[in-house]
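Nothing in this text is a laboratory measurement; each read-out follows from the coordinates by a stated rule. Nothing here was measured: the structure is a model prediction, and the numbers come from that model. Here the Cβ is made from the backbone with ideal geometry for all residues, glycine too, and neighbour counts use every protein chain on show.
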Amino acid sequence: MSETEAPRDGSRRPLVAANWKMHKTTGEAERFIAALLGRGVPNGIDAVVCPPYTALVATIESAGGSPLGICAQNVHEEESGAFTGEVSIPMLADVGATGSIVGHSERRRLYNETDEALARKVPALLAAEMLAILCCGETESERDAGETEAVLRRQLEADLAGVADGDLGRVVIAYEPIWAIGTGRTATPQQAQEACAFIRGLIADRSAGAAVAIRIVYGGSVKPANAAELFALADVDGGLVGGASLDPGDFGQICRAAG
Ligand code: PGA
């Protein structure tokens, strides 16, 4: 059996997250949730929707009573303070959000989100019993230069430095090769599996138990047509979905591919 044919460890519950980025008003969010729930979300997976802050409350209210988790796309690590434009973990908890994406490549590149900040954000989310979806991934030039593993190692060693070994299994890591985000160029199953297996190995260096438990999802042009193949990979426990998550039919299909 080749590496890309080995079965997934069924003890890890698949997670599929919709990263809406800067899309959807409150009304659009409400209509999306109604349509998604109308079609049904499969049991046995964690389905998560990450709207912009302004649509968080409307999305949470629309999803009320359903198994959907609603997370933010970014969060500040301090509880409060003079941080204009930022939102804290207690503020997310106050409206019923269940976690946040952190370290998305767009935030790293466009808004200078640093590994130092991520090293504070991830443990702060875990301390609040919230879902931390930590993104990592290489640029195209880094991949071409053979630096993918070095980049992943550097990012994850730094970003997870503040997480105790025993808590690592609670983090969700999203492997998102930057060259595959929004480009329609999905990583091949072999590329996705190799990178996610490498990430699991990095976690195993700190805790064998956490490496078995931790969920590692793939992101970068996940679509209904390629989701099932990606989610069947041994070390891929679901997906972080951008463009295709804006349509409830497409996102529902991608959720079913993980179910
Ligand atoms: P994409 O975005 O699915 O549109 O490539 C993924 C992401 O940025 O999380």
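Estimated from the Cβ-Cβ distance and a Förster radius of 35 angstrom, the FRET efficiency linking Ala228 and Ala127 is about 0.45. Note on the chain: helix-only mean residue ellipticity at 222 nm, from DSSP H runs of 4+ residues weighted -39500 (n - 2.57) and normalised by residue number, equals -11500 deg cm²/dmol.
Sequence-ordered 3J(HN,Hα) estimates for region 73-79 from the Karplus curve with 6.51, -1.76 and 1.60 and θ = phi - 60° stand at 9, 6, 7, 8, 7, 7, 6 Hz, glycine and proline given as x.
What is the distance in Å between the Cα centroid of region 74-92 and that of region 183-201? About 32 Å separates the Cα centre of region 74-92 from the one of region 183-201.
What is the Cα convex hull volume of region 5-77 when expressed per residue in Å³? Spell out each step's value before the answer.
Numbers: hull volume 10.0 nm³, N = 73.
Looking at region 5-77, the number lands at 137 Å³ per residue.
At a Förster radius of 25 Å, what calculated FRET efficiency corresponds to the Cβ-Cβ distance of Arg154 and Ala208, to the nearest 0.05? With a Förster radius of 25 Å, E is 0.65. Using all pairs of distinct alpha-carbon atoms, the Kirkwood hydrodynamic radius of region 125-259 works out to 15.1 angstrom. Projecting label points 7 angstrom from Cα along Cα→Cβ for Gln190 and Arg12 puts them 2.1 nm apart.
Taking loop as defined by DSSP and a crowding limit of 16 other beta carbons within 10 Å, which trypsin sites (Lys or Arg not before Pro) in region 182-241 fit?
Numbers: sites: Arg185, Arg200, Arg206, Arg215; in loops: Arg185.
Hits after loop and neighbour filter: Arg185.
What's the extension gain from Tyr111 to Glu5 if we count 0.36 nm per residue and subtract their Cα-Cα distance?
Gain in length upon complete extension: 34.3 nm.
For Leu15, the amide hydrogen comes within under 5 Å of the amide hydrogens of Asp46, Gly238, Gly239, counting only partners 5 or more places away or on other chains and with H modelled in the peptide plane.
Based on the Kirkwood radius over alpha-carbon pairs, what value in µm²/s does the Stokes-Einstein equation return for the translational diffusion coefficient of region 180-242 at 25 °C and 0.890 mPa s? The calculation lands on 206 µm²/s.
Checking a compactness column here: for the chain, what do you get for Rg(Cα) / (2.2 N^0.38 Å), N being the number of residues?
Here the Cα radius of gyration is 0.93 times the empirical estimate.
Once backbone amide H atoms are built at 1.01 Å from N, Ala174 has Leu134, Cys135, Cys136, Val217 as its partners under 5 Å, excluding neighbours fewer than 5 places away on the same chain. The Kirkwood radius of region 60-113, taken over pairs of alpha-carbon atoms, gives through the Stokes-Einstein law at 10 °C and 1.306 mPa s a diffusion coefficient of 129 µm² s⁻¹. Close amide-amide hydrogen proximity is noted between Ile70 and Val49, Thr98, each under 5 Å apart and 5 or more residues distant or on a separate chain (H modeled in the peptide plane; Pro and chain starts excluded). Largest first, the extents of the alpha carbon coordinates of region 79-186 on the three principal axes equal 43, 32, 24 Å. The 3J(HN,Hα) values that the Karplus relation (6.51, -1.76, 1.60; θ = phi - 60°) gives for region 154-159 are, in residue order, 4, 5, 6, 4, 6, 6 Hz. Gly and Pro appear as x.
Of the chymotrypsin sites (Phe, Trp or Tyr not before Pro) found in region 24-86, those that fall in a DSSP loop while having at most 12 other beta-carbon atoms within 10 Å are Phe83. Does region 1-150 come out rounded, prolate or oblate, given a ≥ b ≥ c as the square roots of the eigenvalues of its C-alpha gyration tensor, rounded meaning a/c under 1.5 and, failing that, prolate meaning a/b above b/c? It is oblate, given that a/c is not under 1.5 and a/b is not larger than b/c. Taking a label point 7 Å from the Cα of Asp144 along the Cα→Cβ vector, which residues of region 175-190 have an amide N closer than 18 Å to it? Counting backbone N atoms under 18 Å from the label point, the list is 177-181, 183-188.
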